[in-house]
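Pasting a structure below so you can have a look.
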Amino acid sequence: MKKSNLLQILSTFTSVEIKEFSDYIHSPFFNKNKGVLKLYTYLRKHYPVFRDEYISKKTVWQAAFNGASYNDGLLILTGMKKLYVIKVLWILQSMLLCFR
């Protein structure tokens, strides 16, 4: 999971960018998916290092989906991809605000 696009980009964020992205993802206007919010909240606890023992797929699954049976496909489709899309949208919006 450490090589995922999501974690690679999150690890490049400054502490200010992480805070701004956190505000963005907690906004119900931009994100209504509680699983994605739990996933982000868990990953943020381990920012910026993302040590392997804390970000294995099964460990992240348990944190985000409260002990439901592990499902690799669901983790990727429901959590990682949606969080990645929200992150990309936030980056685009941030860039647009810079050009105002």
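For the range 1-20, what are the residues that are part of a loop (DSSP other than H, G, I, E, B) and in contact with a helix residue (DSSP H, G or I) (Cβ under 7 Å, 6 or more places away or on another chain)? Spell out how you get there, then give the answer.
Filtering the range 1-20 down to residues part of a loop (DSSP other than H, G, I, E, B) leaves 1-4, 11-14.
Of everything in the range 1-20, those that are part of a loop (DSSP other than H, G, I, E, B) and in contact with a helix residue (DSSP H, G or I) (Cβ under 7 Å, 6 or more places away or on another chain) turn out to be Met1, Lys2, Ser4, Phe13.
When the residues of the range 5-33 are filtered to those that are among the hydroxyl-bearing types (Ser, Thr, Tyr) and under 12 Å from the mean Cα position of the chain (by Cα), which remaining residue is most open to solvent (accessible area, probe 1.4 Å)? Show your work before the answer.
Of the residues in the range 5-33, the ones among the hydroxyl-bearing types (Ser, Thr, Tyr) are 11-12, 14-15, 22, 24, 27.
Now narrow it down to the ones that are under 12 Å from the mean Cα position of the chain (by Cα): 11, 22, 24.
On the way: Ser11: 52, Ser22: 10, Tyr24: 23 Å².
Step by step, filter the range 5-33, then rank; the result is Ser11.
Could you count how many residues in the range 22-34 are closer than 14 Å to Lys82 by Cβ and touching a Leu at 6+ places or on another chain (Cβ under 9 Å)?
We begin by selecting, within the range 22-34, every residue closer than 14 Å to Lys82 by Cβ; these are 24-25, 30-34.
Narrowing the set further to residues that are touching a Leu at 6+ places or on another chain (Cβ under 9 Å) leaves 24-25, 30-31, 33.
Qualifying residue count for the region: 5.
Picking from Thr59, Thr78, which residue would you name as being in a helix (DSSP H, G or I), over 13 Å from the mean Cα position of the chain (by Cα) and at negative phi?
On the way: Thr78 fails: over 13 Å from the mean Cα position of the chain (by Cα).
On inspection, the qualifying residue turns out to be Thr59.
Considering only the range 38-68, state which residues are of a type in the set (A, V, I, L, M, F, W, C) and either at pLDDT below 90 or farther than 16 Å from Leu83 by Cβ (or both).
Within the range 38-68, the subset of a type in the set (A, V, I, L, M, F, W, C) is 39, 43, 49-50, 55, 60-61, 63-65, 68.
Answer for the range 38-68, where residues must be of a type in the set (A, V, I, L, M, F, W, C) and either at pLDDT below 90 or farther than 16 Å from Leu83 by Cβ (or both): Leu39, Val49, Val60, Trp61, Ala63, Ala64, Phe65, Ala68.
Which pairs have Cβ atoms under 9 Å, sit 6 or more apart or on different chains, and link a residue in the range 54-66 that is under 14 Å from Leu6 (Cβ atoms) and open to solvent by 40 Å² or more (accessible area, probe 1.4 Å) to one that is modelled with pLDDT under 85 and not in a helix (DSSP H, G or I)?
Close Cβ pairs satisfying both conditions: Lys57/Met1.
Something else: Of (1) open to solvent by 50 Å² or more (accessible area, probe 1.4 Å); (2) closer than 20 Å to Lys3 by Cβ; (3) in a helix (DSSP H, G or I); (4) without any contact (Cβ under 8 Å) to a residue 60 or more places away in the chain, Tyr47 satisfies all except one. Which?
(3)
Within the range 69-83, can one find any residue that is farther than 19 Å from Ser11 by Cα, modelled with pLDDT of 85 or more and open to solvent by less than 60 Å² (accessible area, probe 1.4 Å)?
no
What are the residue pairs meeting all of these: first residue in the range 1-26, first residue farther than 28 Å from Gly73 by Cβ and touching a residue at least 12 places away in the same chain (Cβ under 8 Å), second residue loosely packed, with under 14 Cβ neighbours inside 10 Å and of a type in the set (Lys, Arg), Cβ atoms under 9 Å, and 6 or more apart or on different chains?
none
If I filter the range 21-35 for residues that are assigned to a helix (DSSP H, G or I) and over 24 Å from Gln93 (Cβ atoms), do I get at least one hit? Reasoning before the result, please.
Keep residues of the range 21-35 that are assigned to a helix (DSSP H, G or I), which gives 21-26, 34-35.
Pick out the ones that are also over 24 Å from Gln93 (Cβ atoms) and you get none.
So far as the range 21-35 goes, no, none of its residues is assigned to a helix (DSSP H, G or I) and over 24 Å from Gln93 (Cβ atoms).
The values are calculated or read from the model by the stated rules, or taken from the named source; none is laboratory data. Keep in mind that what you see is a predicted model, and the values were worked out from it rather than measured. Ideal geometry is used to build each Cβ from the backbone, glycine not excepted, and the neighbour counts take in all protein chains shown. Heavy atoms of the whole protein, side chains included, go into the accessibility calculation; ligands, DNA and RNA do not. Shrake-Rupley method; radii C 1.70, N 1.55, O 1.52, S 1.80 Å.
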